[in-house]
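**Q** Quick one: structure below, then a few questions.
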Amino acid sequence: MALEIRNLHVAVEGEDILKGVSLVVERGTKHALMGPNGSGKSTLSYSLMGHPNYLVTEGDILLDGTSLLGMPPDERARAGLFLAMQYPVAVSGVSLYSFLHAATSAVRGYGDQSDTATRGRFNAHMMPMREFRKEVNDELDLLKIDPIFLRRYLNEGFSGGEKKRAEILQMAMLQPRYAILDETDSGLDIDALRIVSEGVNTLQRELNIGLLLITHYQRILNYIHPDVVHIFVDGRIVKTGDFELVEILEEQGYEWVRQELVGGQK
Ligand code: ADP
Ligand code: MG
């Protein structure tokens, strides 16, 4: 049981950004992916989720043995994949509550329109309100979010930290088997970082999630301790190791990896 990325090449607007990424994230394990700005980390996360602008030119992505290529994002979500975006999108006029209700209903199969007896009847395709409300309240407690927050329009005027909490709240409701967290630590102050990290750890344990944590900094990894660490440079993974890699990076920066790569080519 794993999220398996095989020799993935991805082009964006005609330019090759991912140049052969291979990575296996087993169910229940935590992987950190660290790399400089512009190296293609977010491109990888969008490509995994099936964003239409990201063209897979070679390779494959398998979820528990089934290829995701050709599946639109909503189908990948139903298959058990989740992405917490680096830059969550604001949607005016849709409250966080309504959005979560719709997304949770769709991912858990309530949104299935194939049943002709109920097709077109909105409520027949939504998770029952009372059940949803109870669950969402439990998750608000876990992430220490004020319930008032649910009434606000999705990500509109949210602070950086509030957007990240809303993303993890969404993860809690969608209950994925594999999750990609793209710089979830950015914008979080020290207290929020601890609360969000503890929430992620609880969910990861309870749901046995395979986690791919994209980050620049060691600090979140002190809370969510990765089993495996990968260094990502120029569209590919160039080094894989244990937590020690994080400490070397923190001390020496990415220049160290670049030097070593150049050295290795001589
Ligand atoms: P990272 O997340 O590692 O900072 P990104 O994946 O965001 O890097 O970006 C990698 C490269 O791909 C950058 O050079 C960026 O300009 C380019 N890129 C990403 N998305 C797009 C896009 N939608 N259109 C054009 N270029 C893009
Ligand atoms: Mg990024």
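The values are calculated or read from the model by the stated rules, or taken from the named source; none is laboratory data. Just so you know, these numbers come straight off a predicted model, no measurement behind them. Neighbour counts run over all protein chains shown; Cβ positions are idealised from the backbone, glycine included. The protein model used for the area step is the full one, side chains on, heavy atoms only, and it has no ligands, DNA or RNA in it. Shrake-Rupley method; radii C 1.70, N 1.55, O 1.52, S 1.80 Å.
**Q** Restricting attention to the stretch 18-59, and to residues there that are more than 14 Å from ligand 2 (Cβ to nearest atom) and charged (D, E, K, R), which single residue is least open to solvent (accessible area, probe 1.4 Å)?
**A** LYS30
**Q** With the condition kept exactly as written, say whether any residue in the stretch 9-17 is open to solvent by less than 10 Å² (accessible area, probe 1.4 Å), touching a Gly at 6+ places or on another chain (Cβ under 9 Å) and farther than 26 Å from PHE243 by Cβ.
**A** Within the stretch 9-17, one or more residues are open to solvent by less than 10 Å² (accessible area, probe 1.4 Å), touching a Gly at 6+ places or on another chain (Cβ under 9 Å) and farther than 26 Å from PHE243 by Cβ.
**Q** Do any residues in the stretch 151-173 that are under 14 Å from GLN86 (Cβ atoms) have Cβ atoms under 7 Å from those of residues that are surrounded by fewer than 19 Cβ atoms within 10 Å (Cβ to Cβ) and among the hydrophobic types (A, V, I, L, M, F, W, C), where the two are at least six apart or on different chains, and which pairs are they?
**A** ASN155/VAL89; ASN155/ALA90; ASN155/VAL91
**Q** Follow-up question, since we're still on this one. Within the stretch 217-241, which residues are open to solvent by less than 10 Å² (accessible area, probe 1.4 Å) and either touching a Cys at 6+ places or on another chain (Cβ under 7 Å) or away from ligand 2 (no atom under 16 Å from the Cβ) (or both)?
**A** LEU221, ILE224, PRO226, VAL229
**Q** Which one of the conditions (1) in contact with a strand residue (DSSP E or B) (Cβ under 6 Å, 6 or more places away or on another chain); (2) more than 9 Å from ligand 1 (Cβ to nearest atom); (3) not hydrophobic (A, V, I, L, M, F, W, C) does GLY28 fail to meet, given that it meets all the rest?
**A** The number of the failed condition is (1).
**Q** While we're looking at this one, here's another question. Name the pairs: first residue in the stretch 70-87 and within 16 Å of ligand 1 (Cβ to nearest atom), second residue open to solvent by 60 Å² or more (accessible area, probe 1.4 Å), Cβ to Cβ under 8 Å, at least 6 apart or on different chains?
**A** Partner pairs satisfying both residue conditions: PRO73/HIS51.
**Q** Okay, moving on. What's the total number of residues in the stretch 246-257 that are away from ligand 1 (no atom under 16 Å from the Cβ) and either open to solvent by 80 Å² or more (accessible area, probe 1.4 Å) or touching a residue at least 60 places away in the same chain (Cβ under 8 Å) (or both)? Let's see the steps before the verdict.
**A** Initially, the stretch 246-257 is screened for residues away from ligand 1 (no atom under 16 Å from the Cβ), giving 246-248, 250-252, 255-256.
Next, only the ones that are either open to solvent by 80 Å² or more (accessible area, probe 1.4 Å) or touching a residue at least 60 places away in the same chain (Cβ under 8 Å) (or both) stay: 246-247, 250-252, 255.
Total meeting the criteria: 6.
**Q** List the residue pairs whose Cβ atoms are under 7 Å apart, where the first residue sits in the stretch 33-56 and is touching a residue at least 24 places away in the same chain (Cβ under 8 Å), the second is part of a loop (DSSP other than H, G, I, E, B) and not aliphatic (A, V, I, L, M), and the two are 6 or more positions apart or on different chains.
**A** MET34/HIS216; PRO36/TYR254; SER39/ASP234; SER39/GLY235; GLY40/GLY235; LYS41/GLY35; SER42/GLN86; GLY50/PRO72
**Q** Let me ask something else. Out of (1) within 16 Å of ligand 2 (Cβ to nearest atom); (2) more than 22 Å from VAL228 (Cα to Cα); (3) modelled with pLDDT of 95 or more; (4) not aromatic (Phe, Trp, Tyr), what's the single condition that is false for VAL89?
**A** VAL89 satisfies all of (1) within 16 Å of ligand 2 (Cβ to nearest atom); (2) more than 22 Å from VAL228 (Cα to Cα); (3) modelled with pLDDT of 95 or more; (4) not aromatic (Phe, Trp, Tyr) except (3).
**Q** If only one of ILE214, ILE180 is farther than 18 Å from VAL107 by Cα and of a type outside the set (Lys, Arg), which one is it?
**A** Numbers: ILE180 fails: farther than 18 Å from VAL107 by Cα.
That would be ILE214, the only listed residue that is farther than 18 Å from VAL107 by Cα and of a type outside the set (Lys, Arg).
**Q** Can you find a residue in the stretch 206-216 that is open to solvent by 10 Å² or more (accessible area, probe 1.4 Å), β-branched (Val, Ile, Thr) and closer than 23 Å to GLU4 by Cβ?
**A** no
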